[in-house]
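Notes follow once the structure below has been shown.
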Amino acid sequence: MFAISPPSRTVLRDLLTLAWPVVLARIGIMVMGLTDAIVVGNFSSTELAFHTLAWTPTSIVITTAVGLLLGVQVMTARRLGEGRRGDVGAVLRRGLVYSLWLGGGSMIGLMLVGPWGLASIGLEDGLAEGARLPLLVFSLSMPAYLVSVAAQFFLEALGKPKPGMVAMWVANGVNLALNLLLVPDLLGLGVDGALASSWATFFARAALAVFLIVYIVRLPEARALGIFRKAPRDPLAEAEQRKVGYGAGSSYFIEVGAFALMTLIAGRLGTNETAAWAVVLNISAIVFMIPMGLSSAAAVLVGRAFGAADAQGVMRAGLVSLAVISTLTLAIALIVWPTAPLLIGAYSRDPALIAIAVPALVLATLFFVADGIQAVAAQANRAAGDIWWPTIMHFTAYGAVMMPLGWVLAPHMGVDGLVWAIIIASLVSSALLTGRFIRVARRMQRVASGEWRVPS
């Protein structure tokens with residue numbers, strides 16, 4: 001009989017309590033984009049193409065910016081671990097300022113560069129022009145959305161993930177209702193299709209940001225947390241918060257960029273292969289929301305232990321998180337494996353696409369566990385003060401291993417070759433990052449308690 005020690009049992013309980021609302025919130029992010037695509041796609045396939053072209057560049061920017069804001073979550077958890085509850089308000093305020101900088105900068109950048117980029121990549125006539133206005137509206141929503149991300153990270157680090165989950169699904173409800181009203185122009189506003197859907201997303205993201213900020217300022221402990229108190233400048237704390245963000249943002253950019261290039265490789269294989277790859281990747285991305293949620297919970301627990309100078313707690317939180325994600329992703333893989341035909345059939349009834357996508361999805365289940373492990377291990381490392389090694393390891397696995405393998409294998413094995421490239425890259429990434437975390441945690445354990453020094 002496998003026995004869990006009382007401290008590990010406590011960590012497991014805290015992890016699961018934090019993780020499930022975060023997982024549902026992350027799934028909500030994907031559902032918002034999926035809702036837009038479904039409603040617009042049922043309205044017009046041409047408008048769906050406009051929507052997809054407008055959504056893609058903003059999603060890459062958002063993924064990178066979310067990583068850049070991860071410092072809010074990590075530093076809030078550390079301050080709580082240090083017993084400095086009154087200083088977490090300063091972390092939030094810095095995060096909100098950074099989110100406005102990032103949101104405003106990405107908004108302006110996408111507005112200036114996005115339409116030009118669409119027009120210069122050789123799209124069919126009319127596609128770039130049709131995607132231009134939806135892209136501009138998606139760009140306008142960037143500041144509000146990134147403010148909501150900073151607020152959500154803050155609440156998760158406080159151990160209050162449920163409000164963020166509720167807010168995300170309320171925003172999804174707003175988005176769905178507005179899509180159903182605006183996309184077919186039931187209100188007679190003279191705007192429909194992809195452009196109308198982009199406005200639905202804009203208002204949903206604005207509502208999400210407003211809800212979360214109002215919730216935070218109305219917290220009973222808001223004053224005690226220093227939310228309303230303007231703290232003196234702390235250059236070291238500011239630098240550390242930005243450092244965490246730079247490391248995570250770089251990792252996220254490497255991953256999303258690598259997978260974007262893998263999609264381009266799939267595009268060289270043919271129409272059915274590209275569509276099959278898109279379906280397999282979408283299902284895998286939905287599954288990945290579980291490691292994403294659990295990695296956030298792991299970062300909070302590891303960050304608190306790190307802030308409290310609890311080396312044993314750092315090791316315990318990391319290993320319990322890795323064990324949980326291994327178990328969950330293995331269970332999901334065993335469910336997806338036999339149900340692959342049903343899952344693919346929900347996306348398409350095209351026999352040619354199904355014949356390619358089903359075996360590719362079955363094969364993809366082989367990287368679910370490794371991909372989950374690497375996501376959790378990367379966040380655990382960052383929370384333990386190891387910022388840049390995860391980025392280097394992600395570049396090694398996805399830049400130096402996955403993309404060259406995909407390029408070589410795809411012409412010979414088709415979509416299966418791309419999946420094999422991901423499997424190998426995920427195994428490399430999970431091994432490197434887990435090994436790195438154990439090394440970091442053991443190094444902490446070797447440090448005499450009197451010599452422990454937590455970076456500010």
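A short reminder: the numbers here are calculations on the coordinates, not readings from a lab. Remember, predicted model here, so these are calculated numbers, not experimental data. Methodologically, a virtual Cβ is constructed for each residue, glycine included, from the backbone with ideal geometry; neighbour enumeration extends over all protein chains shown.
Quick look at the values:
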quantity	calculated
Filtered residues of the range 371-404 (kept if part of a helix (DSSP H, G or I), over 18 Å from residue 256 (Cβ atoms) and hydrophobic (A, V, I, L, M, F, W, C))	373, 376, 377, 380, 383, 388, 389
Only one of 171, 204, 209 that is aliphatic (A, V, I, L, M), under 20 Å from residue 89 (Cα atoms) and either in a loop (DSSP other than H, G, I, E, B) or in contact with a helix residue (DSSP H, G or I) (Cβ under 6 Å, 6 or more places away or on another chain) (or both)	209
Pair list, Cβ < 7 Å and 6+ apart or interchain, from the range 88-115 residues that are farther than 16 Å from residue 241 by Cα to residues that are polar (S, T, N, Q) and assigned to a helix (DSSP H, G or I)	107/139; 110/58; 110/139; 111/139; 114/139
Every residue from the range 337-353 that is in a helix (DSSP H, G or I) and without any contact (Cβ under 8 Å) to a residue 60 or more places away in the chain	337, 338, 339, 340, 341, 342, 345, 346, 351
Filter pass, residue 306 being of a type in the set (Phe, Trp, Tyr) and surrounded by 24 or more Cβ atoms within 10 Å (Cβ to Cβ)	yes
Verdict on residue 414 being on the phi > 0 side of the Ramachandran plot and surrounded by 20 or more Cβ atoms within 10 Å (Cβ to Cβ)	yes
Any hit, the range 346-353, residues being under 22 Å from residue 156 (Cα atoms) and hydrophobic (A, V, I, L, M, F, W, C)	no
Subset of the range 270-310 that is part of a helix (DSSP H, G or I) and of a type in the set (D, E, K, R) - its residue that is farthest from residue 352 (Cα to Cα)	304
